[in-house]
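Student: The structure under discussion is supplied below as structure tokens; questions concerning it will follow.
Here, each number is a calculation from the coordinates, and none is a lab measurement. Predicted model only: the values in this text are computed from it and were never measured. As a convention, Cβ positions derive from the backbone with ideal geometry for all residues, glycine included, and neighbour counts pool all protein chains shown.
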2 protein chains.
Amino acid sequence: MNIGEAAKASGVSAKMIRYYEATGLIPAAGRTGSGYRVYSGTEVQMLRFIRRARDLGFPVEKIVALLALWRDRSRQSADVKRLAQEQIDGLEKKIKEMQAMMDTLQHLADACCGNDRPECPILVDLGGGPAAGLSKSKSAA
Amino acid sequence: MNIGEAAKASGVSAKMIRYYEATGLIPAAGRTGSGYRVYSGTEVQMLRFIRRARDLGFPVEKIVALLALWRDRSRQSADVKRLAQEQIDGLEKKIKEMQAMMDTLQHLADACCGNDRPECPILVDLGGGPAAGLSKSKSAA
DNA sequence: CTTGACCTTCCCATCATGGGAACGCCTACT
DNA sequence: AGTAGGCGTTCCCATGATGGGAAGGTCAAG
């Protein structure tokens, strides 16, 4: 199987397959006499694993560990679960951050008339915001 | 005011101030005879605007537009509101994506014993997952 | 034997940010 | 006045995962 076929079968682009190989996430594929990479079903399965893990937001660095556990038949499921929980915690943190941004923005947008007048609470917030303190306290030049 | 002081006063690192100048987000600062950048209160205010907008997740590209509206005294608040709404929509989309990832992961993690045994539904999902179809259908070599 | 689709490597860009080197400047203290 | 160390400058590199594209080799079908 060529890299293009492996890409279609795995859902990972040929570009990324080469990248994963270059960075050591996957072992170097075999080559034909003319230099073409060759893939077997096993390797496609590994690529699909990677793809799925990426879809769940795992960074490649963590996928290294996941792949190691996947291959290790004497693994302990606790190790897998811990990695998953770390990922869940990281996602939750980012979601909360973004939710806070969104809430603030929604609040500001709700207060903005959104008409042809220049007055805008959004710009007021951005410009003079909550962290003022540079106007008269110190010499500003 | 030197760049270091402007950085402290605005919450934007000196590194980023130079970057914003290089990319044209902010106009080039004045210079002393020896080449040091000089900042006034007005410029610090602009930097704080940028900082605040970044904290709300706006990409620098959008901040260009926000700054333009901020400076434009004949702006229409509808334009500001539209930018904010786009940002809200983008955040909402990303939050939903991450929430979906998190839900899936939580589901899998809940099903994993997390003990010293190798069996693990998380790895089963990643490895054989929902998109099977390479086992017997086509010649895999 | 040609054509077109595929492969190879290499370089560049993203987006915002930090690290660090090499070197110059400014201030305060001795 | 000299010097130390703290700050400034520019330039290069790295991140993380991905895509784009150029230049050139290969393969299979007509």
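Student: Output the number of residues of segment B:1-22 satisfying the condition of being free of Cβ contacts under 8 Å to residues at least 40 places away in the same chain and more than 10 Å from DNA strand C (Cβ to nearest atom).
Tutor: So the count comes out to 6.
Student: Within segment B:53-80, which residues are surrounded by 14 or more Cβ atoms within 10 Å (Cβ to Cβ), facing chain A (nearest Cβ under 7 Å) and of a type in the set (D, E, K, R)?
Tutor: B:75
Student: Of everything in segment A:45-73, what is among the charged types (D, E, K, R) and within 10 Å of DNA strand D (Cβ to nearest atom)? Give them in sequence order.
Tutor: Selection gives A:51, A:54, A:55, A:61, A:62.
Student: Can you spot a residue in segment B:29-40 that is away from DNA strand C (no atom under 12 Å from the Cβ), farther than 19 Å from residue B:87 by Cβ, at the interface with another protein chain (Cβ under 9 Å from one of its Cβ atoms) and over 16 Å from the mean Cα position of the chain (by Cα)?
Tutor: yes
Student: From the list B:47, B:108, pick out the single residue that is within 16 Å of DNA strand C (Cβ to nearest atom), crowded, with 20+ Cβ neighbours inside 10 Å and assigned to a helix (DSSP H, G or I).
Tutor: B:47 is the lone residue from the list that is within 16 Å of DNA strand C (Cβ to nearest atom), crowded, with 20+ Cβ neighbours inside 10 Å and assigned to a helix (DSSP H, G or I).
Student: Could you please give the count of residues in segment A:1-22 that are under 19 Å from residue A:66 (Cα atoms) and surrounded by 14 or more Cβ atoms within 10 Å (Cβ to Cβ)?
Tutor: Number of matching residues: 8.
Student: Which of the numbered conditions does residue B:101 fail, given that it passes all the others? Conditions: (1) over 30 Å from residue A:115 (Cα atoms); (2) in a helix (DSSP H, G or I); (3) of a type outside the set (Val, Ile, Thr); (4) more than 10 Å from chain A (Cβ to nearest Cβ).
Tutor: (4)
Student: Ok, one more. For segment B:34-44, which residues satisfy the criterion of being surrounded by 14 or more Cβ atoms within 10 Å (Cβ to Cβ) and within 12 Å of DNA strand D (Cβ to nearest atom)?
Tutor: Those that are surrounded by 14 or more Cβ atoms within 10 Å (Cβ to Cβ) and within 12 Å of DNA strand D (Cβ to nearest atom): B:37, B:38, B:39.
Student: Answer yes or no as to whether residue B:31 is more than 16 Å from DNA strand D (Cβ to nearest atom) and of a type in the set (Lys, Arg).
Tutor: no
Student: Can you find, within segment A:1-22, the residue that is nearest to DNA strand D (Cβ to nearest atom) among those that are in a helix (DSSP H, G or I) and within 13 Å of another protein chain (Cβ to nearest Cβ)?
Tutor: A:7
Student: Another question, then. Of the conditions (1) at the interface with chain B (Cβ under 9 Å from one of its Cβ atoms); (2) surrounded by fewer than 15 Cβ atoms within 10 Å (Cβ to Cβ), residue A:96 clears all except one; give me its number.
Tutor: (1)
Student: On to the next question. Name the residue, out of A:25, A:83, that is touching a residue at least 12 places away in the same chain (Cβ under 8 Å) and either assigned to a helix (DSSP H, G or I) or crowded, with 19+ Cβ neighbours inside 10 Å (or both).
Tutor: Step by step, each of A:25, A:83 is checked, and only A:83 is touching a residue at least 12 places away in the same chain (Cβ under 8 Å) and either assigned to a helix (DSSP H, G or I) or crowded, with 19+ Cβ neighbours inside 10 Å (or both).
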